[in-house]
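See below for the structure under consideration.
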Amino acid sequence: MSGVEMKGITKTFGSVIANQKVDFDLKYGEIHALLGENGAGKSTLMNILYGLYLPDSGNIFINGQKCDFRSPFDAIRAGIGMVHQHFMLIPGQTVWENMILGLNNLPQILPKQEIKRQIMELSEKYCLQIDPMSFVWQLSIGEQQRVAILQMLYRKAKLLILDEPTAVLTPQESQNLFKMLAFMASEGYGIIFISHKLDEVMRLSHRVTILRKGEKVGSVLTCETTKEKLAEMMMGQKFVFSIQKQPKLSGPLVFDVENIQVRGDRGFQVIRDLSLQIHQGEVLGMAGVAGNGQQELCEALSGLRRIESGKIKINQHELTNRPPRHFINKGLRYIPADRRGVGLIPNMMVDENAILKKYWKNPISKGSLINWYEVDQYARYLIRKFYIAVPHSRYPVKNLSGGNLQKLMLGRELSDSPQVIIAMHPTWGLDVAATKFVREQILKERDRGASVLLISEDIEELVALSDRLAVICKGEIMGIVDQPQEITPEVLGLMMAGTPLKNIQKVSA
Ligand SMILES: Nc1ncnc2c1ncn2[C@@H]1O[C@H](COP(=O)(O)OP(=O)(O)OP(=O)(O)O)[C@@H](O)[C@H]1O
């Protein structure tokens, strides 16, 4: 057949069977979604197709020809390109320099103008606007993704693998990506995309293959299935998408942030005169386009970044510019968006990561000695309570799948009744069941009395969980809505683009 065929692929990592006798195929001109719960083996299968892993057994055929991929070089030469969840770009180099990285047939004197012209041509054709002279570190995540896709097109890939491409994009960027992928498919490209968002899969793909616990459950035509059927195939049982939310029983003010000003890494003011108050038993959602100060705000509110002026208080105790441990001791827990870089230490074990916020406390440590029996007991408790799929507590965190990383971090942050929870994109990269689980945990904490600041770009998530919804733009709060379910997409869009709520209300009055 023309396209890719993977036959009988098996891959194990020690005792973990990541793929077991999996068959998969992709035709040119097709968008094929690969679905499965966290840890089902999707990335492993695609890493094998891209030559990053060697299968233990099984074969790959391109246009009917058997291929033996020993490295991504071989896969690229066979016309396969992969855009990873964490882009493999060099931040300190320009876009055009990244494009030619690893190409081995370049002349000694680089025809820079010609390379730039080719990049511009590709970017115009596929609506992937980018300035070839920009440095990668200057680009937003959405723009970096465009560079990663262009890099594959520049290498003449005809079969593209996109690993959770929308996990890091704003709704607007996702829409643009879908248009571009549909156009590419119409031009004859074959596209595999891994996603946990079933609505997206239903909208975009032609066919879906489902993996469960390393094995293929089946392949179906998207037009012949439903979201509910896909979830059932993934989990092996019926799945209820909706979550129950109890009425709000708000208590006294707990988290009080008054007029804070914060600078970003490049010295510019990124948070301007921002105030918010969160009461006991309340979720304050925060919507906004990525890069409008959300990251710096989270860092400032958890003691990781200095504030220039203003005050932060928990239960009337002032914590302004105190070290992070003071925030932790006053009951603040932070679930960062970057779980590999900030939330967890990949080179350490599950049990070591589990105690990062309590290793100095009794019974985990006595004096300067760590009690490893207690550490093991605690890690096992988290593994059980948060359904973390690991063989044992001394397992290296770098080997965990995305969903399990998130559950481990969440377990660590939520397990000792925090007073204040700051959660940024807590369901990024999670499968439908894990997403529901995480959302329920956040609501459980709220019902227990925690004050939660939930920062997300998933509007559906914000509306489902928030008691009030704030919108941030350029580091300022554009307004806070008391009934998030009643906000219209138009009003939300205007606020996200920088119109204060009071101005919108004035016009509509
Ligand atoms: N390099 C590795 N070393 C050891 N185990 C690994 C490695 N890569 C993956 N695994 C394990 O293989 C299994 C499948 O992982 P994989 O990342 O392929 O799942 P996935 O379906 O892509 O999950 P997610 O949706 O969470 O990204 C998991 O149990 C994971 O822990």
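Please treat every number below as a calculation from the coordinates, not as lab data. Just so it is clear, the model here is predicted, and its values are computed rather than measured. FYI the Cβ positions are ideal-geometry reconstructions off the backbone, even for glycines, and counts take in every protein chain you see.
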In debye to the nearest 20, the charge dipole size for region 212-260, taken about the Cα centre with +1 at each Lys and Arg Cβ and -1 at each Asp and Glu Cβ, equals 300 debye
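What shape does region 312-408 take by its C-alpha gyration tensor, where a ≥ b ≥ c are the square roots of the eigenvalues and a/c under 1.5 counts as rounded, a/b above b/c as prolate, and the rest as oblate?
oblate
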Extension length gain for GLN108 and PHE13 (0.36 nm per residue less Cα distance), in nm, is 30.0 nm
Sorted largest first, the Cα spans of region 2-235 on the principal axes come out in Å as 51, 37, 32
In nanometres, the difference between 0.36 nm per residue of separation and the alpha-carbon distance of HIS206 and PHE268 is 17.8 nm
Checking region 131-193 for GluC sites (Glu not before Pro) in a loop per DSSP with at most 16 other beta-carbon atoms within 10 Å yields GLU187
Violations at 30 Å Cα threshold for listed pairs LYS179/LYS238; LYS330/LYS436; LYS21/LYS229; LYS245/LYS361; LYS21/LYS407 -> LYS179/LYS238; LYS245/LYS361
Between the modelled labels at VAL220 and PHE239 (7 Å from Cα along Cα→Cβ) the distance in nm is 1.2 nm
Partner aspartates and glutamates whose C-alpha sits under 15 Å from that of LYS112, ignoring same-chain residues fewer than 8 away, are GLU97, GLU121, ASP131
Between the modelled labels at MET120 and MET348 (7 Å from Cα along Cα→Cβ) the distance in nm is 5.0 nm
Straight-line reach check, LYS27, cutoff 14 Å on alpha carbons, 8 or more apart in-chain or any other chain, hits among aspartates and glutamates -> GLU5, GLU187
Inter-part gap, Cα centre of region 1-37 to Cα centre of region 89-165, in whole angstrom, is 27 Å
Cα gyration tensor of region 69-158 diagonalised, 5x eigenvalues square-rooted, in angstrom largest first, produces semi-axes 19, 16, 13
Answer in debye to the nearest 20: the dipole magnitude of the chain about its Cα centre, from +1 Lys/Arg and -1 Asp/Glu charges placed on Cβ, is 960 debye
Per the charge dipole of region 181-272 (beta-carbon charges, Lys/Arg positive, Asp/Glu negative, Cα centre), the residue among VAL217, VAL257, VAL201 reaching farthest to the positive end is VAL217
The answer for trypsin sites (Lys or Arg not before Pro) in region 193-241 that fall in a DSSP coil and have at most 12 neighbouring Cβ atoms within 10 Å is LYS238
Taking every DSSP bridge whose two residues both lie in the chain, the antiparallel percent to the nearest 5 is 55 percent
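What order do you get for 409-418, 282-291 when each peptide is scored by the mean count of other beta carbon atoms within 10 Å, highest first?
282-291, 409-418
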Here Rg/Rh (Cα, Kirkwood) for the chain equals 0.97
